[in-house]
Each structure stands twice: as C-alpha cells, then as structure tokens.
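Have a look at the structure below before the remarks.
The values are calculated or read from the model by the stated rules, or taken from the named source; none is laboratory data. The structure presented is a predicted model; accordingly, all values stated were derived computationally and were not measured. In this analysis, Cβ positions are derived from the backbone assuming ideal geometry, glycine residues included, and neighbour counts consider all displayed protein chains. All accessible areas refer to the heavy atoms of the entire protein, side chains included, with ligands and DNA or RNA removed. Shrake-Rupley method; radii C 1.70, N 1.55, O 1.52, S 1.80 Å.
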Amino acid sequence: MKHAHLLVWLALSLASIGLTESATWRGTIAGVPAWVTVVSPNPIPADVRRQPWWRWGNTETDAYIFAFENPQNFRMALVFSHGGDTPEARLYLRSWGALPIAFNLEGNRLELTDPTYPVLVLRPQSGGWLVNGKPNYRLTVLEDGLDCDQRVDPDGQIDIEITVGTDARGDPLWQTNRRRPEADPYQTTRGCERFGANLRAQPELPFKVAPSIMPNFPFLGIGRESPDWFERNPNPLYLDLRDYTFRLNPFPGFQNGGMYAINSSTYPPQVSFESPFVFYNFDPATRYAQLVVRGSRFPAGVPFGPEPYNLERTTFRYSWKTDNPTVWRYGLHLAGFYPYQETYQIGGQKFNAPSPAHLTRFVVGQRWPMVTFVEATQGYPGSEGIYFYSAQASEHWNWLSGTSDAPIAELESPYLPKDDSLVRTSDRALPPGFRGEYSASYFRVPQLYLSPIDQRVHLRWAQGGLWNLGDGRVLRTQSLQAGPNVDSWILERPASAPPTPPPPSAPGAKSPAEDGPPRAYPGKPEQALYAMGGYLLYTGPDGVELRQASYQLQAFTLEPPADRESWQAFRQRLAPYAGRDPRNLRAWLQAFPGPSLNLPGAQLSQVKAIPGGFQMVLSTPRPVGAALGLPSLPAGAHLLRYDAASRTWSRRQAETPKLQGRLEAKDVRQFEPAWFRLSLENQGSLDYAGPAELWVGNELVKAWSELSVPGAGRWSEELAFSPSGRGYQPVRLVLGKITLELAPVFIIPSQREGIRQEFGTNPMALILLAALLAAGLVGLWRAWRWV
C-alpha cells in the first residue's frame, strides 16, 4: 500500500513520543481562557516564554496541546515531526473535538492515550510549511475517522487522501479527495462520497483566507465564529470553541463565487451525485456567486440516486440573481437522460463531466423532457440556489422513466408550506412568495419571456403555473389556447382535498393530509382575468368587466443567463418592470385602455379556447344591452362564443351537462386482457368537467381526477381491462354524486370456469367423474398388489 509505512510507524511509535521539556502558556484565545502546553526536545529559554505561545516551539519536532476554559479540558494535540525532506503534522482529536483528549506527560515522554491515532496527518509535497514567507499549499492530507460520511474515532486506517495544488502565486488552486481503500462502489448501496474535488475555476478572482492563529503552521484557526465564505475563506483546519466542533474546510474555497466542485458517490471516470456543483461569479467586486448550477447525475447501472438504475439520470438546478447579490431570484430545474461526454481534469484526476466553460451551455442548450421555472418574488438567501419546486425530486422518476403514466400531481398541486424552511417535501413545494411553472413533457430548449399583462417572467410552453401568495390564496396561470404564453390568471383559495380521493393506500400508509404541508388543490376562484381574442375578461366579487384592448401576450423573450454578458443583459431588460399586484386583477386593466362593458353582480365561468375563437358562460342578474359587439341578453346564464375571424358573437342558452354513454367490447373473456372503449356524449351546452369512475360489476376499471366532455360534444377513450366476473356485468359511470347506468357487457366465462359451471349444473357429470377416479384408484391398488 502507498501509505503502509506510515500506518506501521504510527501503530508502533506514535503513542509514545520522546521529548525533553514542556512549558505551558496561559492566556485567552478568541476570548476563551486557554492553556497551550508546548513539549519540545529542546530547552525553552525564559526570553522565548515571554513571546507568543506559537514561538515557544517549532513545527518540525515539537508538540502543542490545547486546553480551554480550565487547564484540564484538553481538546486538541498537534504533534510535529520531521521525516525525510519534509515536516509532518499529526492532529489528535477525540470525537472530532467534542470530548477531551487524554495523554500522559511524565518526564521526557508524551503518551497519547485517547485517541492513540491522529484524525489528520499533513505534510508538504516539498519544502516546509512556508515557502518564501507564504503558506505552502502543495499538501498531502490523510484523514482517518470517517465511516462513509459519519465522523467516528480514528482507527489507524486512512479513510480519505486529500491532495492540494497551487497556482502560480502559490495560492491553493485545486483539491481532490479520494476514499481509501478503494472498494468496489457497487458492492454497497451507501451513497457516501468516494471522490471529491474543489477548483477555483475563476483564478483571476483574488484568494482570501482568514489569518492563522499559528503563523508557523498557517492552516490552523481557533475561534468562536461561523465561517463567512463570502468575506474570506475560513482556516482549512478550524476548531470552533462554541461547541468544540472541528471543521476541515476545503483549501481552495467552498461555495463562494468562482468555485467548481465534484461530490461523487462513485470513483472517476464516471462521477455521480453532485457532479458538478458550480458557482459562477459575474461581479468581481463581491465574492458571491451570481449563478449556481447544481448537477445531479447518476450513470446507467449506478445503484445510487432515484430508480430505475438502468437509466442515465441527469438533472440540474440552475439559479441566478439579479440586483441583490445576497438573494436568488430565478431558477430553472431540468431533468432528462443526457450522459456526460466531456472529460475534465482536476489535479491528477480525470473524470467525465462538463467543464466550467461548457457547463452552462450544456444545461440551457438541451431539449429537456421535464422543466420547472421558479421565481422567488421576495428573493431567497443562501449559497446553493433555489431548492423548491424542482425537477430534481426523486419522486418524478416514475413518470420520467415511463414506469407510471400517472401525471405528477405535485406540479399542478404543489405543497404550500408556511415558510421556506427546508423539509422533505421542499423540492415539490412553493413557499409563500414563490411562483412556479412546469412542463412534464417539454422536450424543448428552455426559453423565458416577459408577459406585459402581469409584468412577470414566464417559461414558454409551460403546462401551468402557480404563485403562493402566502395569505391562504394562490394565483394559477395557464395557457387556455395551448400556446407558448400564459393567457389566464385565476386567484383562488385552494381546496383542502383533491377533487377525487386517491385509491385506498396500503396498510400503514399516510393519507395525503398526513404526508406534509397543505397542497394547492383546485379551489373556488375569487377573481380571474383572461386575455382572449383581443379581449380582456375580468370576473370577481364586484362583477364582470369586458374590455376590448390592444395587447400582446409576450413582450420579448429572454435567454437564461449563461455568462456575464447574458446575465447583465437579462438584468437590464427586466429593470423597467416591477410586476403587478396579484391580489387585484381588475387593476391590471388600467394599463390597457379601450372600450369596456361593466356588469355589476355578473359572473364569468367556463372560459376556454375553441377553434377560431373562445367561449364563456356569462351569468347576469339583470338584462344587458348590446355592447362591444355582444347581442342584448336577458337575465340568466348564457353561453357566448366569439369568432375571431368575423369578430362576431353568438349566443346560446346555457344548459347543464347531460351525459349519455356506452362501453363497447367484443369477445371479452374472463381473466383475459381486453380492450374496452368508453364513449360519452354531452347533450347539454355546458362542458362537463369533474371526477369520474368506471365500474364493471364490482371492479374499478379506471378513475379520472378530472374527466372533461365538451358541451354539445363527444369524448371517448380506449381502456385495457382484465375482468374477473362472468356473464352479463352491469356498467356504472360514477360522476361525483351522480351515477350513470350504462348498458351491461357480456363476459365469456373462461374454460376453467366453464368446467366448474358444467359440474355445478349437471350432477350426472359429477357422478361419472367420481366413478372414473374410483376405477383409477382400484387399478393402481391392483398393480401395487401384483408387484
């Protein structure tokens, strides 16, 4: 083994270290009473003892033992030695600083008794700890005390080998971490990190690090501060005196702007999990990232991540900021099956992943099967981007892989948590102030646009969207015309349950109400605004307003930022737009002047696009005179249709849905799969839209959360079903509280069922079968007797 000589040497000689003199410095470190005992083979003169404690010894032969709060509370030991051409440092911690260490110091011997092995061994690849007065970051670091990703006490076996490299200025440029020994990653389902890397991908940005408490060993820090990577890097080795937690921080940097990271559960070249995780800085005046790209990739055959494991699973979280450098504003989340083709190298490690220069175009230049778009309207703090309403949710892969044809319910009806705390359902949730749009069947290069109606950024070709307003209400968006742009906005209070309860759960399974925060199930509209055919149609508690106006559904398109220039262009393009009040849809009409018709007390419903125009149901408590091209209307409910080509309206009395239907099938046999066709006709003028269940006998064939049959129209669907009943079976279509009885279907009994039926109706056949069986048994008995 590469490090076998080190392990043997540690096991034989580390616990007892021959030293000749010790002295203890007393003072404060970070405001905490501290005692540093220096043990050296050399005398420590009196004049040296009047200097700072780190000058009492050296970093080639001496040891430093640290106690805090009281002189017996020893928490850390740092032991230096010189092997070959370079020094070596061994850091001892018990429970990684949480518990005091134990040792014996008698005469000229220092014996570490708990722990007996160091958690870290550091040595320069060449030279000393300093080179030309600067820290020597060309290091090898051996870490002992990790069981997968859980910290444990060291056992003398190296768990992680860390290699650090530098740039031309001597600042740390890159770091790689590799788990030892290299077990086959597919022999376990524990997806812990086996390979990691950190790279300053924008080395032109200045490197900043906190000053060390020990200038002759410039990697150590002791204090009572949380790291602020956006100000400067914390010390790579840091003992936090608030709770005696030791942190091993990446030498080049962590999640500050300019960093490129790999956190892989597999070894190169096929990296997985957070590979890559990149923080782009477009403003050198700050250390913040303005764009963060978090990849989550699991190659086909890797038994980690979401199932199915036989597929390539590639997803990205793509978040960016606008004017405020401390909060994220927008995010794209993308999921699909694209493998990594590019080979990239950090230090001596080569792996398959997009490079920092090519990653953004790889992400925003592909045709993704699934995309979500999120806006944090009030901004979202943190370093990693926007987690919410994400295509990276593992639960989406049943749909993406084709193992389920059930649409992803959390996209249309996401969770509505009370705040933006991260919980198990966050990737399928929209906290207050967040709005999201989705497409689970996108297959396009993602593109955004600004709507002049609401002055908000939207995802082109979204299937729908929702804004959690945080006061028990949501604003739904949709394209009723099945086009690339939003044309309807509905303000509603979500229902407390889905329109149709889900099928009975397995024993012990949680009900939807117990599974997390409330969901945005479709509720009762309070206000709505539609942009259809040159009209703006408003309905709300104060009545209806119809306005003819000149407007566009799209002011301009926007490309997701991929570099500094496109990020600046995105910000500049949006600067004049502040967005409209989502709680007052009628006020939006003020921006679009034109002739209007106000109808106090009236209501609009069932607004939808039809070929060549649109239709709606207008319910008015009083007669309405002809206006805006509409005919005069008596009080009541009216189905109005607008033809865009002729710019004319037509009227029909609104009639409630009246459904008739039939279930057709030919030569259907019991227990055998067969195709059935359900056909429905609506003889009313209004659409039917609601839950439905089809039953054949006592068997549920299919349940629809929302079945839609257009007014005066037809609908049909083919259904695969394997019936267990026989003979004539009744057929029922349950429509909410209404049951529609359809003509029965005949199921041909199976052959097995036919035999049972034959014996059940013909006793002589049963007697004959019994006689044959008896004769057979007699014959067997005689043969046995003869033998």
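Descriptive notes on the structure:
- Scanning region 309-359 for residues that are under 23 Å from the mean Cα position of the chain (by Cα), among the acidic types (Asp, Glu) and at pLDDT below 95 returns no hits.
- Failed item in (1) under 30 Å from residue 537 (Cα atoms); (2) touching a residue at least 60 places away in the same chain (Cβ under 8 Å); (3) in contact with a Phe, Trp or Tyr (Cβ under 8 Å, 6 or more places away or on another chain), with residue 709 passing the rest: (2)
- Residue in region 589-597 that is outside any helix (DSSP H, G or I) and farther than 22 Å from residue 548 by Cα present: no
- Here residue 426 passes the criteria (1) surrounded by 13 or more Cβ atoms within 10 Å (Cβ to Cβ); (2) closer than 14 Å to residue 369 by Cα except the one numbered (2).
- Residues of region 411-463 satisfying the condition of being within 22 Å of residue 588 (Cα to Cα), of a type in the set (S, T, N, Q) and outside any strand (DSSP E or B): 455
- Against the criterion of being in contact (Cβ under 8 Å) with a residue 24 or more places away in the chain, surrounded by fewer than 16 Cβ atoms within 10 Å (Cβ to Cβ) and out of contact with any helix residue (DSSP H, G or I) (no Cβ under 8 Å at 6 or more places or on another chain), residue 98 qualifies.
- Residue in region 101-124 that is surrounded by the most Cβ atoms within 10 Å (Cβ to Cβ), counting only those that are without any contact (Cβ under 8 Å) to a residue 24 or more places away in the chain and of a type outside the set (S, T, N, Q): 114
- Being aliphatic (A, V, I, L, M) and in a helix (DSSP H, G or I) is a property that does not hold for residue 553.
- Residue match in region 198-208 (condition: more than 33 Å from the chain's Cα centre (by Cα), modelled with pLDDT of 95 or more and surrounded by fewer than 21 Cβ atoms within 10 Å (Cβ to Cβ)): no
- Flag if residue 588 is within 27 Å of residue 257 (Cβ to Cβ) and either of a type in the set (Asp, Glu) or open to solvent by less than 70 Å² (accessible area, probe 1.4 Å) (or both): no
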